[in-house]
Amino acid sequence: MRTTKKILAAILAGCLATPALATEVQDTLVIEDANKVKIETRDTVQRIVINGMKNDPEFHYVQRISIPDSSAVRRTMKSVRDFNKITIKKKDGTQSKWDNSYHVNIGLNTMHDTPDGYGVKVWPSLNIGVGCYWDWHPNGKQNEWSIGLGLDWRHYRMSEDKLYWGKDAANMSLLNRAYYPQAKDATTSMQVASLQVPLVYTHYFDKQQEWSLSVGALVNWNFAAHGEGDFELGEEDHHIELNKFGQRPFTVEGFVKVDAPHIPALYCRYCPMKFFRDNRGPKMHQLTFGIFL
């Protein structure tokens, strides 16, 4: 009888220990090199979906967790790069996501609607800019709204090298080089540096985001501008620089960019605002085009 009781006690102890042991083993799940992890969090429920893992692309794991208290959910991010990977799913099922991107643009400049004698050579009038965009996808990745910050430099080479930038009181104009008729290899140019804030909408026509059209506006703070003249007189090189150029401190440009596979994106910018402030220089409008990397 005692033997029978000992056997029953052992079986009962084993039955009680087995679930505890199983629970302890299953509490920790290690998944190496997961291909895709999706976390959806609502007020009282969190759902974790993992697709694919190391050496098993067909792996699929789903876990649903009830959350009695919303304050129990904590998120920790180590860097901005981690933040860019987070997708937030709203209650209505739509997704919103923030990304950031960096770009370099290289192009050519000219001036539109210039007075006679104020033409600008397209080459070698250069435009170089760098910037960072913060991109928002409120309704999927095909529609993107962007705001950014960048630096832009524009160089304009005037077509008529016999003229140079001069100032009559506060008014900028191109004057004739009559006071040094023997000058050689004369060039006339002007340069502008701007702090730029782009406001852009982009529509992607395919899921791979290879075909897209962007339209928007670029707000420029033209914090520096000056005119330059270079020439040779005898055996000496001369350089003339004219500051306080009279440019508008703030201008707004229209912006269009087209992106297609296998080629760099192409952009065009046009400023309907006059480059010079009223009564500070001739009427002319900036036009820029080039590639966007």
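The values are calculated or read from the model by the stated rules, or taken from the named source; none is laboratory data. Because the structure is a prediction, the values reported are computed rather than measured. Here Cβ is always computed from backbone atoms with ideal geometry, including for glycine, and neighbour counts include all displayed protein chains. The area values use the complete protein model at the heavy-atom level, side chains included, leaving out ligands, DNA and RNA. Shrake-Rupley method; radii C 1.70, N 1.55, O 1.52, S 1.80 Å.
Annotations
- If the convex hull is drawn through the Cα atoms of region 131-234, its volume per residue in Å³: 144 Å³
- Length added when fully stretched, I48-A34, from 0.36 nm per residue minus Cα-Cα: 3.8 nm
- Within the assembled protein chains, the solvent-accessible surface assigned to M53 is about 40 Å², based on a 1.4 Å probe.
- Relative contact order, percent, region 111-152 [alpha-carbon distance under 8 Å, six or more residues apart]: 35 percent
- Over region 119-184, the pair-distance histogram of Cα-Cα distances with 5 Å bins from zero comes to 4, 12, 12, 13, 13, 10, 9, 7, 7, 5, 5, 2, 1, 0 percent, rounded to whole numbers.
- Förster-model FRET efficiency, 25 Å R0, N143 and V197, C-beta, rounded to 0.05: 0.75
- Förster radius 51 Å - calculated FRET efficiency between L151 and S66 (Cβ-Cβ, nearest 0.05): 0.50
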